[in-house]
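Quick one: structure below, then a few questions.
The values are calculated or read from the model by the stated rules, or taken from the named source; none is laboratory data. Values in this document were obtained by computation on a predicted structure and should not be read as measured data. Methodologically, a virtual Cβ is constructed for each residue, glycine included, from the backbone with ideal geometry; neighbour enumeration extends over all protein chains shown. For accessibility, only protein heavy atoms count, side chains too; no ligands or nucleic acids. Shrake-Rupley method; radii C 1.70, N 1.55, O 1.52, S 1.80 Å.
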Amino acid sequence: MGINITGKTGLLAVLGTPIQHSLSPAMHNLALQTLGLDYTYLAFDIKEEEVGQALEGLKLFGFRGCNLTMPLKKKALEYCDHLSESARISGAVNTIINDHGVLTGDTTDGTGVLWAMRANGHEMLGKKVTIMGAGGASVSIVTQGALDGVKEITVFNRKGESFSMMEQVAEELNQITNCNVKVLTLEDEERLRREIKESQFLINGTSLGMAPHEDTCILPDSSYFHKDLVVADVVYNPRETKFMKFAKEAGAVAYNGLDMLLYQGAKSFELWMGVPMPVELVKEKVFAPERKK
């Protein structure tokens, strides 16, 4: 199926660096073509200091919106006219919607995890979740999970700036939602084991285990896991991380970050187009080949 560019073709994009290996153009262009929507989705290598110029260009050329990858997600906040509640609380945007020059920032990373788990038959709402790490991915998952109705979330991280920032996020979420959010130090091994034992979901929100550092893992061995856990790793290169291997050794089911990438993209697509992405087709044509790599 070819792309038919016309004088009326709308524009979408992903901004970030490096960006050459992004799956987003393939995912979104297939969805747009399948639904007969006259848009095309492009990728631009943009550095953090260029975000302001890039977003001015987005408005000038009438782009419907864009995705942002690291390291642009925090910097882009400064240039948004409005923010969704999840973007405001988490302090990051990965999706911008352009309404005639008015930019609204949103974050769909947390939704990507919730939808990915649901698509695989695991409902996180009303459950207890433990999350490893307090960086950007974890903040988005915690924020969206609490807003949507996860019962309890425990975050483990080493003391530092990200730990303090997560504490601030947890404080606000505890005030405005019914979710009980706790932020605990990773060095408290006894508490770590207990929280994981009591959880239905365990998520690695860190980059530990990502290629080329496949031998690293936030947890030292499989004894921290149990067979009734649903385990997810935001990393998808390699396809099976050490975190996932430990989970499977303990008898737990484990997923990498590919489905999360798919569903955060699906949410962005809905925000721009107002219709659902044909996720099963995208999963078959774009993501199935990736799983074999």
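Using only the Cα atoms of region 46-145, build the gyration tensor, take square roots of its eigenvalues as a ≥ b ≥ c, and label the shape rounded, prolate or oblate: rounded if a/c is under 1.5, else prolate if a/b is larger than b/c, else oblate.
On the way: a/c = 2.57, a/b = 1.99, b/c = 1.29.
Since a/c reaches 1.5 and a/b is larger than b/c, the shape of region 46-145 is classed as prolate.
Go through 144-154, 176-186 and give me the packing order, highest mean Cβ count within 10 Å leading.
Details: 144-154: 22.1, 176-186: 16.5.
Highest to lowest by the protection proxy: 144-154, 176-186.
What is the Cα radius of gyration of region 1-84 over 2.2 N^0.38 Å, N being its residue count? The partial results should precede the final answer.
Values: Rg = 13.2 Å, N = 84, 2.2 N^0.38 = 11.8 Å.
Cα Rg divided by the expected 2.2 N^0.38 Å: 1.12.
Something else: Each label point is 7 Å from the Cα along the Cα-to-Cβ direction; what then is the distance between the points at GLU270 and ALA119, in nm?
In this crude label model, GLU270 to ALA119 measures out at 1.2 nm.
Going highest first, how would you order 85-96, 27-38 by mean Cβ packing within 10 Å?
Details: 85-96: 24.1, 27-38: 18.2.
For the peptides 85-96, 27-38, the packing ranking is 85-96, 27-38.
Could you work out what % of the accessible surface of the chain is carbon and sulfur, using a 1.4 angstrom probe and leaving DNA, RNA and ligands out of the count? All intermediate terms of the calculation are to be shown ahead of the outcome.
Working: 6890 of 13360 Å².
Carbon and sulfur together cover 52 percent of it.
Which of the pairs LYS159/LYS182; LYS128/LYS159; LYS227/LYS248; LYS242/LYS285; LYS151/LYS283; LYS128/LYS227 have their Cα atoms more than 18 Å apart in this structure? Could the numbers behind the result be given before it?
Numbers: LYS159/LYS182 14 Å; LYS128/LYS159 23 Å; LYS227/LYS248 8 Å; LYS242/LYS285 27 Å; LYS151/LYS283 30 Å; LYS128/LYS227 15 Å.
The pairs that break the limit, which is 18 Å between Cα atoms, are LYS128/LYS159; LYS242/LYS285; LYS151/LYS283.
Sticking with this one: Starting from 0 in steps of 10 Å, tell me what percent of the Cα-Cα pairs of region 194-269 lands in each bin.
With 10 Å bins starting at 0, P(r) equals 21, 51, 23, 4.
Next question, about the same structure. Which of LEU60, VAL142, SER86 sits farthest toward the positive end of the charge dipole of region 1-144, with +1 on the Cβ of Lys and Arg and -1 on the Cβ of Asp and Glu?
So the residue furthest toward the plus end is VAL142.
Work out the FRET efficiency for GLU240 and LEU281 from their Cβ-Cβ distance, taking R0 = 25 Å, and round it to the nearest 0.05. Intermediate results must be reported in sequence, preceding the final value.
Values: r = 25 Å, r/R0 = 1.01.
Efficiency for this residue pair is about 0.50.
A further question follows. Taking the simple approach of a point 7 Å from Cα along Cα-to-Cβ for both LEU60 and GLU167, what is their distance in nm?
According to this spin-label approximation, the distance is 4.5 nm.
While we're on this one: Could you state the accessible area per residue of the chain in Å², with a 1.4 Å probe and every protein chain left in place? Write out the running numbers ahead of the final one.
Working: 13360 Å² over 293 residues.
Accessible area per residue, the chain: 46 Å².
Continuing with this model, one more query. Using R₀ = 25 Å, calculate the FRET efficiency as 1/(1 + (r/R₀)^6) where r is the Cβ-Cβ separation of SER207 and ILE5; round to 0.05. Mind dumping the intermediate values first?
Numbers: r = 37 Å, r/R0 = 1.47.
Calculated transfer efficiency: 0.10.
Something else now. So the label point goes 7 Å from the Cα of HIS21 along Cα→C-beta, right? Which residues of region 188-225 then have their backbone N under 13 Å from it?
Zone members listed by number: 210-214.
Here's something else I'd like to know. Give, in nm to one decimal, the length gained when the segment between ASP81 and PHE44 is fully stretched (0.36 nm per residue of separation minus the Cα-Cα distance). Before the final figure, lay out each step's value.
On the way: separation 37, 0.36 × 37 = 13.32 nm, distance 2.21 nm.
Contour length minus Cα-Cα distance gives 11.1 nm.
Once both labels are modelled 7 Å past Cα along the beta-carbon direction, what's the SER222-ASP99 spacing in nm?
5.2 nm
Moving on. What do you get when you divide the Cα radius of gyration of region 244-293 by 2.2 N^0.38 Å, with N the number of residues? Could the numbers behind the result be given before it?
Values: Rg = 13.8 Å, N = 50, 2.2 N^0.38 = 9.7 Å.
Rounded to two decimals, the normalised Rg is 1.42.
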